[in-house]
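Inspection log for the structure reproduced underneath, given as C-alpha cells.
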Amino acid sequence: MSTTTATREQWSGPLGFILAAAGSAVGLGNIWKFPYIVGENGGGAFVIVYLLCIAVIGAPVMMCEFALGRHTQRNPVGAFKALSPKSSILAHLVGLGVLLSGIFLLLFRCWGWGALLIGLGLLIIRHGWVLVGVMGVVAGFTILAFYSVVAGWTLGYVWKAISGQLAFTEVAAAKTHFGHFIQNPAWALGCHFTFMLLCVLIVYRGITAGIERWSKILMPLLVLIILALIIRSLTLPNAMVGVRFYLTPDFSKINTDSVLIALGQAFFSLSLGMGAMMTYGSYLDRKANLFTSTLSVVGLDTLIALIAGLAIFPAVFAQGFNPDAGPGLVFQVLPTVFNQIPLGAFWAFLFFVLLLIAALTSGISLLEVATAYFVDERGWPRRRAVVVVGGAIFILGSLCAISVSDWARLEWIHTGLVQIFGTTKASFFDTIDNLSSNWFLPLGGLFISLFTGWIWGTKYALDEIRHGSSNFGDVHLISLIAGLKDDPSHNASVHVVTLASLWGIFIRFISPVAVLIAFLHTIGWLG
Ligand code: PFF
C-alpha cells in the first residue's frame, strides 16, 4: 500500500502536464512509422480511418487512463488495487479459461505454453484486475528495452551527422554503413547505454524538476525543428510529388488490414494500454480539466504525426529516391537524400536531433511507469527505483541490441526458448517488440476500457472527470455544437446526448469490441 500518497508530487500546472503527456505520445511512432504507413496504406484515405480510430477509441481510452490515475493517485498496479472489487466474476472466468487452455495444451505435450498458461490462469484467478496494472508495468520494461536501442541508433546518427560520416552518394552505401553500425556491439550498446542514462537522469529529478522541466524545453524545440524541416523539404524542386504520394486518398487500399493497422498505431502512438497516461494522470490535481487535456494531447500527437510526413516525403521524392519502410527510410534513405541538398549535414543533424527528442520524452514516460510502481507499492525512494529499473531495462535492451539481426549472438537463449516453446521465428529484438506492441498494449487497452465501463463504472469515472470539466458531463452535445450551450433550456436534465454519454457508450461497448477484434486479428486467430 502506498506510503507516499500524502507527499505525492504534482505537475506545476496544466501546461506542464499537457506537454509531458504529449511528449510521451509524440515519439518514434509518429516520425518514423506513421508517415510511412500512411504512404503505403492509401494516403489521405488512411488518415481518415486513423482519425476515426483516434476519436472513437484513442481519446475515450486516454480519458479513462487519466481518470483512473488522478482518482487513485497511484501507479497502474496501485490504481487497479484501489478500485478492484474483492472478487470479480469476469476475472475468474478469464482466469479459468486461460487455465483450462493451459491444461488442454499439456495434453498435446506443448509443455512450455501449457505451463505458462496454467501459471497465468492461476495468477488471474488470484489477483484479478490488478494483473492489468502489472502487465502495464512489465510493458514499460519491455517497450523501453527495444525503444531505447532504436533511440540509441538515433543518438549515434546525431554524432555521425556532426562528424560528417553520413555523406553517402547512394542508398546501398548507407545500408552497408547502417548494417555495420548496428552490428557493432560497442556502438550499439554504448548508444543504448547513453540514451538510458539520459532517461534515468531526467526521471531521477522527479516530476516537476525532471519530467516537466525537460518536457517544457524539449517539446517546443521539437515543434521548431519539425517546422524548419518541413519548410526545407517543401521548398525543394519537385516536392509536390512527395506530398501527392503521402496524401492523395486511395480508398481502394482501405481494407480490414489497414483499419487494424490504424487502430494498433493509434494505441502505440497515444501511449495507451500500459498505464503511462494513468501514471502521468496520478500527478494531477482535481482542478485540471481532463477533457480538454485529452483533446490537447491527442491533437498534438496527431498533428505532429501528420506533419512529419511533410518533412520526409517531399525531400525523398524531390531527390528521386523511393521511400523505404521504418529503419530503412530513416537511417538509410534519408541520410542519402540530405547529402544531396545544400548544407545536407546540418539538415541530417537536425532530423536526428528531432528523432532523439521525440524518443527521449517518450522514454522517460516509459521509465516513470515502473519507477512509480516501486515508489508507491514497495516504498522505495525514487532515486533507488529509477537507478534499479533503468539498470534492469538496460540489460534487457542490451539483449535486444545484440540480437537485432538474428539469434547468432544469443544462441543460449534461443536454444532454451526452442526447447520450451517449440519454435521461435523472430530475433529477440522482434520478439520483445511484437510481445509489447501487439499483445500488451491492445490487451491493456481492452481491459482498461472494460474495467472503467463495467467494474469501476462510467458513473464513478465521470464523477472524477467532472472535477475541473463540468461541461463534459453536463452539456447537451447538440447544443454545444450549435453554440447554444449557455442557453438554460438546452441544459435541462432530460435524457439528452452529452459528451459524457457518448464517451460511456464508446468505453463500454465500442472500444472493447474493436480492440478485441483487432487483437484477435493481429495474433492470427481471426481472418
Ligand atoms: N507513443 C510513443 C511513440 O509513438 O513512439 C511510444 C510509447 C511511449 C508507447 C510510451 C507507450 C508508452 F507508454
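The values are calculated or read from the model by the stated rules, or taken from the named source; none is laboratory data. As the structure is a prediction and not an experimental result, all values here were calculated from the model. Cβ placement follows ideal geometry from the backbone for every residue including glycine, while neighbour counts extend to all protein chains displayed.
Okay, residues lined up against (1) over 30 Å from residue 438 (Cα atoms); (2) more than 24 Å from the chain's Cα centre (by Cα); (3) among the acidic types (Asp, Glu); (4) away from the ligand (no atom under 16 Å from the Cβ):
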residue	(1), (2), (3), (4)
240	yes, yes, no, yes
246	no, no, no, yes
250	no, yes, yes, yes
254	no, no, no, yes
258	no, no, no, yes
268	no, no, no, no
274	no, no, no, no
281	no, no, no, no
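When you check residue 270 against the structure, is it under 30 Å from residue 82 (Cα atoms), buried (at least 22 other Cβ atoms within 10 Å of the Cβ) and at pLDDT 90 or above, yes or no?
Spelling it out, residue 270 is indeed under 30 Å from residue 82 (Cα atoms), buried (at least 22 other Cβ atoms within 10 Å of the Cβ) and at pLDDT 90 or above.
Need at least 2 residues that are within 16 Å of the ligand (Cβ to nearest atom) and under 17 Å from residue 61 (Cβ atoms) per element, so show me which helices (runs of 4 or more DSSP H) inside the stretch 430-489 make the cut, counting only ones lying wholly within it. I'd like the intermediate steps shown before the answer.
Working: elements: 441-450, 458-466, 470-474, 477-482.
Qualifying helices (runs of 4 or more DSSP H): 441-450.
Suppose we filter 167, 151, 139 for residues that are over 30 Å from residue 376 (Cβ atoms) and either in contact with a helix residue (DSSP H, G or I) (Cβ under 8 Å, 6 or more places away or on another chain) or of a type in the set (Asp, Glu) (or both); which single one remains?
Numbers: 151 fails: over 30 Å from residue 376 (Cβ atoms); 139 fails: over 30 Å from residue 376 (Cβ atoms).
Going through 167, 151, 139 in turn, just one is over 30 Å from residue 376 (Cβ atoms) and either in contact with a helix residue (DSSP H, G or I) (Cβ under 8 Å, 6 or more places away or on another chain) or of a type in the set (Asp, Glu) (or both): 167.
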Practice task
For residues that are in contact with a helix residue (DSSP H, G or I) (Cβ under 7 Å, 6 or more places away or on another chain) and free of Cβ contacts under 8 Å to residues at least 12 places away in the same chain, tally how many sit in the stretch 457-477.
Solution key: 1
Handout entry: Of the criteria (1) under 30 Å from residue 244 (Cα atoms); (2) more than 13 Å from the ligand (Cβ to nearest atom); (3) not polar (S, T, N, Q), which one residue 298 fails
Key = (2)
Exercise for the section: Evaluate the stretch 497-512: report whether one residue or more is among the hydroxyl-bearing types (Ser, Thr, Tyr), at pLDDT 90 or above and under 25 Å from the mean Cα position of the chain (by Cα). Expected result: yes
Practice task
Could you check the stretch 26-143 for helices (runs of 4 or more DSSP H) lying wholly inside it with 2 or more residues that are under 24 Å from residue 430 (Cβ atoms), within 16 Å of the ligand (Cβ to nearest atom) and not charged (D, E, K, R)?
Solution key: 34-40
Practice task
Inspect all residues belonging to the stretch 352-370 and state whether any of them is under 18 Å from the mean Cα position of the chain (by Cα) and away from the ligand (no atom under 16 Å from the Cβ).
Solution key: no
